[in-house]
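Asker: Could you have a look at this structure, given as structure tokens, before my questions?
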Amino acid sequence: MRTVLCGAVLLASVNGGFASGALWCSVDDPKVAFQLDAGVTRGLGGPTFNFRGDLEIKDRPAADSLRKTVFEDQNLTQYWLDGEELRLLVYREHEANDTYRSVELTILTKAKDEGTYDGRYTLAVYDGTAGVSSDPVEFKGDVSCGAE
């Protein structure tokens, strides 16, 4: 009887480890628009899966490769999610001849209500020639995120 009870408890705890939720953030201001989405596994350290995002820098020329960026799993370089904070660091390089081009999106939020996070974003755009150091162009603003 004890073996059956222990087995049932073990199966119940394993099943709970595979539960999942989601997180998302969005902005649509005059200079920048983005939407980020990911699944989040509860347990096992809380890794994300199926991270996707779209970023548009509205004041860049239409033909510029930095105007629109698509993010995938490998671009979410760091994240933190607990009951009080949601933090994301998203990074993507753009390949071009003789140029170093990348975007780095940092999101820092605090919990507003259960599952709702408000805060600030910083988007750093690096657009330089190889071997030449240049300061990034930065965009900053308010961001709203959610998690379940």
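Asker: Count, please, the residues in segment 107-121 that happen to be surrounded by fewer than 16 Cβ atoms within 10 Å (Cβ to Cβ) and assigned to a strand (DSSP E or B).
Answerer: From segment 107-121, those surrounded by fewer than 16 Cβ atoms within 10 Å (Cβ to Cβ) are 110, 112-116, 118, 120; that's our starting set.
Still in the list and also assigned to a strand (DSSP E or B): 110, 112-113, 116, 118, 120.
Total satisfying the criteria: 6.
Asker: Okay, next question. Please work out which one of (1) of a type in the set (D, E, K, R); (2) within 28 Å of Val40 (Cα to Cα); (3) in contact with a strand residue (DSSP E or B) (Cβ under 7 Å, 6 or more places away or on another chain) is the condition Arg101 fails and give its number.
Answerer: (2)
Asker: Also: Taking segment 94-106 as the search range and keeping residues that are of a type outside the set (Ser, Thr, Tyr) and within 15 Å of the chain's Cα centre (by Cα), which one is most open to solvent (accessible area, probe 1.4 Å)?
Answerer: Glu104
The values are calculated or read from the model by the stated rules, or taken from the named source; none is laboratory data. Note that the structure is a prediction, hence the values are computed from the model and not measured. A quick note on method: Cβ atoms are made from the backbone with ideal geometry, for glycine too, and the neighbour counts reach across all protein chains shown. With ligands, DNA and RNA removed, areas are computed over all heavy atoms of the protein, side chains included. Shrake-Rupley method; radii C 1.70, N 1.55, O 1.52, S 1.80 Å.
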